[in-house]
Amino acid sequence: MAIQRLDRLLSDAHGVSRREAKALLRAGRVTVNGVPERDPERKIDTSCDTVAADGTALDLRPFRYYMLHKPAGILSATEDRTQKTVLELLPPEARRPGLAPVGRLDKDTTGLLLLTDDGTLAHTLISPKRHVPKVYRALLDAPADAGMAAAFAAGLILGDGTRCLPAVLEPICGGARITVYEGKYHQVKRMCAACGRTVTALHRERFGALTLDAALAPGQWRELDAAELDALRQGCTGKTDCAPL
């Protein structure tokens with residue numbers, strides 16, 4: 001159960017400012033459970049109350065969770081003065097205050113990106129202590145081999161001394177499928193470089209319990225379904241559950 005003031009709820013769910021929400025209420029354009037309501041301080045139980053503005057029922061869910069197939073050339077950011085960001089791939093009605101990508105994909109990296117305004121879940125998923133698995137398909141300038149897989153499994157030390165957790169590398173045609181359990185800067189590219197390989201293309205297939213929906217073309221998105229969200233919340237909780245030893 002979530003209890004919120006009506007004016008704040010209107011602002012969040014209807015995409016208006018708090019001042020505009022109060023103006024809607026004063027004008028009698030808002031109903032609660034079918035009855036006109038003008039009190040901005042009215043407490044709303046989002047689990048059972050219904051709120052409508054100008055006859056249109058509002059979606060009172062407190063958070064949104066979107067799966068996006070990120071295309072190349074787009075920044076994993078909420079705003080940028082000169083370059084297009086992933087939020088600009090969403091229609092205006094889907095953009096909410098606080099909506100942001102969970103972690104980042106490099107500008108030229110494609111694939112699964114989670115967007116949400118649920119800050120608690122986002123923090124949990126990107127926390128270094130959680131070791132949430134991330135699976136990438138990397139195209140390389142030279143074939144991956146057993147020696148490279150062994151180096152990844154042992155835990156690489158990068159050129160600047162950064163120590164990486166053990167990771168999984170599976171050689172595939174043209175490159176490798178790589179699973180990492182942390183989110184260091186340009187990590188997959190740097191790990192491959194430490195093994196003498198250059199990543200020519202990188203695509204994220206999985207993030208935690210989520211697998212990129214094959215029906216989503218680059219630039220397309222959809223909301224997570226209940227089963228996906230539940231699986232995401234029940235995902236990895238620590239190194240011993242996730243990362244190989």
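The values are calculated or read from the model by the stated rules, or taken from the named source; none is laboratory data. Not measured: the values here are computed from a predicted model. Methodologically, a virtual Cβ is constructed for each residue, glycine included, from the backbone with ideal geometry; neighbour enumeration extends over all protein chains shown. Note: areas computed on protein heavy atoms with side chains; ligands, DNA, RNA excluded. Shrake-Rupley method; radii C 1.70, N 1.55, O 1.52, S 1.80 Å.
Counting just the residues of the range 57-90 that are open to solvent by less than 40 Å² (accessible area, probe 1.4 Å) and more than 28 Å from Y185 (Cβ to Cβ), which one comes out nearest to the chain's Cα centre (by Cα)?
L60
Check off (1) under 16 Å from the mean Cα position of the chain (by Cα); (2) open to solvent by 60 Å² or more (accessible area, probe 1.4 Å); (3) closer than 22 Å to K70 by Cβ; (4) among the charged types (D, E, K, R) for D230 and give me the number that stays unchecked.
(3)
Return a yes/no flag: does the range 100-118 have any residue that is modelled with pLDDT under 95, under 22 Å from the mean Cα position of the chain (by Cα), more than 20 Å from M191 (Cα to Cα) and surrounded by fewer than 18 Cβ atoms within 10 Å (Cβ to Cβ).
no
Is it the case that some residue within the range 149-172 is within 16 Å of L112 (Cα to Cα), touching a Phe, Trp or Tyr at 6+ places or on another chain (Cβ under 6 Å) and outside any loop (DSSP other than H, G, I, E, B)?
no
Here are A215, A227: which of them is free of Cβ contacts under 8 Å to residues at least 24 places away in the same chain, in a loop (DSSP other than H, G, I, E, B), under 30 Å from R61 (Cβ atoms) and out of contact with any Gly (no Cβ under 6 Å at 6 or more places or on another chain)?
Details: A227 fails: in a loop (DSSP other than H, G, I, E, B).
Within the list A215, A227, the selection yields A215.
Being β-branched (V, I, T) and open to solvent by 30 Å² or more (accessible area, probe 1.4 Å) is the filter here; which residues of the range 180-198 pass it?
Across the range 180-198, the qualifying residue is only T198.
For L202, which of the numbered conditions (1) within 21 Å of G73 (Cα to Cα); (2) open to solvent by 30 Å² or more (accessible area, probe 1.4 Å) fails to hold?
All conditions pass for L202, except number (2).
Strands (runs of 3 or more DSSP E) wholly in the range 1-119 with at least 2 residues that are out of contact with any Pro (no Cβ under 6 Å at 6 or more places or on another chain) and of a type in the set (F, W, Y) - which ones?
Counting at least 2 such residues, we get 65-70.
Among the residues of the range 152-161 satisfying the criterion of being touching a residue at least 24 places away in the same chain (Cβ under 8 Å) and closer than 15 Å to K189 by Cβ, which is most open to solvent (accessible area, probe 1.4 Å)? Give the derivation first.
If we filter the range 152-161 for residues that are touching a residue at least 24 places away in the same chain (Cβ under 8 Å), which is where we start, we get 152-153, 156-159.
Remaining after also requiring closer than 15 Å to K189 by Cβ: 152, 156, 158-159.
Details: F152: 0, L156: 19, L158: 11, G159: 92 Å².
So the residue we want is G159.
Working only within the range 120-148, note down all residues that are open to solvent by 80 Å² or more (accessible area, probe 1.4 Å), under 14 Å from I178 (Cα atoms) and in a loop (DSSP other than H, G, I, E, B).
Within the range 120-148, P143 is the sole residue that qualifies.
Take G34 and tell me if it is small (G, A, S) and farther than 30 Å from L89 by Cβ.
Spelling it out, G34 is indeed small (G, A, S) and farther than 30 Å from L89 by Cβ.
Considering D54, D12, which residue is surrounded by 12 or more Cβ atoms within 10 Å (Cβ to Cβ) and farther than 21 Å from P218 by Cβ?
D12
Just give me the residues in the range 18-28 being small (G, A, S) and open to solvent by 50 Å² or more (accessible area, probe 1.4 Å), in sequence order.
Selection gives A27 alone.
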